[in-house]
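The values are calculated or read from the model by the stated rules, or taken from the named source; none is laboratory data. Bear in mind that the values here come from a model prediction, so they are computed numbers and not experimental data. Cβ sites come from the backbone with ideal geometry, for glycine too, and all protein chains shown count toward neighbours.
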Amino acid sequence: MSEQHTEQKPEQKKLIFSGIQPTGTFTLGNYIGAIRNWKPLQEEYRCIYCVVDEHAITVKIDPAKLRQKTLEAYAQLLACGIDLEKSLLFIQSHVPTHAQLSWVLNCSAQFGELSRMTQFKDKSQKHPEDINAGLFDYPVLMAADILVYNADLVPVGADQMQHLELARTIARRFNSRYGELFTVPEGYVSPLGAKVMSLQDPTKKMSKSDENPNAVILILDDKDTIIRKCKRAVTDSGSEIKFQEGKDGINNLLTIYSAVTGKSIQDAEKEFDGQGYGTFKLAVGEAVADHLAPVREEYAKLIADKAYLKECYTRCGAEALRYSQRILNKVYRKIGFVASEIR
Ligand code: ATP
Ligand code: LTN
């Protein structure tokens, strides 16, 4: 990987970029909808993955907590199978080109477009006391993350597709104004589990920042905790284990079961035919816990070795900076900034 990243983008392998916020321990939703797809993609693509700490400060977060959660997020991603022989994994604030490009792209993003972003509307509603400009501008920084590497493909959960669409619009607008430069990135949403729902309110997505711990399975939860949360999951009246309209709770558990066992929804329905919700919930809990056990074990080793983590994020960050600096220089040239010896 290291060689390739300092060279011109080779035609044969497409480039992937994705990011995740260090706002808390990753949930089963983050894992199924995003992270676990990152591992197999490394075989086919050149991958650049990033812990987006600059995005995380758009919502109030205690500095000590942010520092700790950023390192933990980094270790969790390694534990989920990001392989640094094949991919880059770094911390966003270590690579200043993202924020630099984001300023330029601000001037190709419209106020009206940003106002329509549902994540902005949701988060402003949730934090009415702090509707800061960063929260509003969040999708432009995300566009910069992607475009500063000219990424071809962006694996995300379904909730991020609106932001990705905006990144595509910004890329096209910049290209038509200044001449072709940016690749217009494609989104990649995993077909199964693109939206894992809260265990306590299955009409809402499972989210790291949910205040109710029972709503969320964390990828580092132990087996008993996972089983307890599954047993308490809100399900609908009725007793059939069947995927059907209006049965959000059972649909969500079936999706989770299918995602962690690899069985189809139909096979899962057959397996639990005639059995009650209690048996099913226990089976879901056990399957999830077994699936996540190796991640938990690997994480414990990694988080204990801060020197190793530092070596990894430093090397990857330096390489990401070199790669992205070349693209940023081209942007600066196109828009008419005077060349500088200091960059
Ligand atoms: P926060 O609660 O801090 O907003 P989050 O849990 O929503 O965080 P993000 O960091 O915004 O997670 O998302 C990381 C990745 O996980 C994104 O690609 C996102 O689409 C995906 N993702 C988040 N929640 C889910 C979910 N419930 N189901 C599937 N994918 C998800
Ligand atoms: N906005 C994303 C995190 C994110 C991202 C990115 C994802 C920041 N930059 C670039 C893909 C590509 C989120 O909230 N999940």
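Some observations on this one:
- Residues located in the stretch 269-287, provided they are in contact with a helix residue (DSSP H, G or I) (Cβ under 6 Å, 6 or more places away or on another chain), among the aliphatic types (A, V, I, L, M) and over 15 Å from Phe243 (Cα atoms): Ala287
- Elements of type helices (runs of 4 or more DSSP H) contained in the stretch 1-112, each with 1 or more residues being acidic (Asp, Glu) and within 14 Å of ligand 1 (Cβ to nearest atom): 53-56, 63-79
- Pairs linking a residue in the stretch 266-280 that is closer than 15 Å to Asn252 by Cα to a residue that is of a type in the set (S, T, N, Q) and in a helix (DSSP H, G or I), with Cβ atoms under 6 Å and 6 or more positions apart or on different chains, are Ala268/Ser258.
- Taken over the stretch 222-257, the residue count meeting the criterion of being surrounded by fewer than 22 Cβ atoms within 10 Å (Cβ to Cβ), farther than 16 Å from Asp201 by Cβ and in contact (Cβ under 8 Å) with a residue 24 or more places away in the chain is 8.
- Being farther than 24 Å from Lys14 by Cβ and surrounded by fewer than 17 Cβ atoms within 10 Å (Cβ to Cβ) holds for only one residue in Ala75, Ala64, and it is Ala64.
- When residues of the stretch 153-184 are limited to those that are assigned to a loop (DSSP other than H, G, I, E, B) and over 17 Å from Val331 (Cα atoms), the one nearest to ligand 2 (Cβ to nearest atom): Val156
- Scanning the stretch 199-221 for residues that are within 14 Å of Gly157 (Cβ to Cβ) and free of Cβ contacts under 8 Å to residues at least 40 places away in the same chain yields one hit, Lys204.
- Inspection of the stretch 112-135 finds no residue satisfying the criterion of being touching a Cys at 6+ places or on another chain (Cβ under 7 Å), buried (at least 20 other Cβ atoms within 10 Å of the Cβ) and either under 23 Å from Asn251 (Cβ atoms) or modelled with pLDDT of 95 or more (or both).
- Pairing each residue of the stretch 184-197 that is over 18 Å from Phe17 (Cβ atoms) with any residue that is assigned to a loop (DSSP other than H, G, I, E, B), provided the two are 6+ apart or on different chains, yields C-beta distances under 8 Å for Ala194/Gly157; Lys195/Gly157; Val196/Met206; Met197/Thr203; Met197/Lys204; Met197/Met206.
- Scanning the stretch 213-225 turns up no residue that is closer than 13 Å to Gly33 by Cα, of a type outside the set (Lys, Arg), within 19 Å of the chain's Cα centre (by Cα) and away from ligand 2 (no atom under 16 Å from the Cβ).
- Pairing residues of the stretch 151-165 that are over 9 Å from Glu186 (Cα atoms) with residues that are more than 7 Å from ligand 1 (Cβ to nearest atom) and among the β-branched types (Val, Ile, Thr), at Cβ distances under 9 Å and at least 6 apart in sequence or on separate chains, gives Val156/Val189; Gly157/Val189; Ala158/Val189; Asp159/Thr118; Gln160/Val154; Gln160/Val189; Met161/Val189; Gln162/Thr118.
- So Ser209, is it out of contact with any helix residue (DSSP H, G or I) (no Cβ under 8 Å at 6 or more places or on another chain), within 16 Å of ligand 1 (Cβ to nearest atom) and among the hydroxyl-bearing types (Ser, Thr, Tyr): yes
- Residues of the stretch 26-47 that are touching a Lys or Arg at 6+ places or on another chain (Cβ under 7 Å) and more than 12 Å from ligand 2 (Cβ to nearest atom): Gln42, Tyr45, Arg46.
- Residues satisfying the stated conditions in the stretch 136-153, i.e. surrounded by 24 or more Cβ atoms within 10 Å (Cβ to Cβ) and within 16 Å of Asn37 (Cβ to Cβ): Ala151
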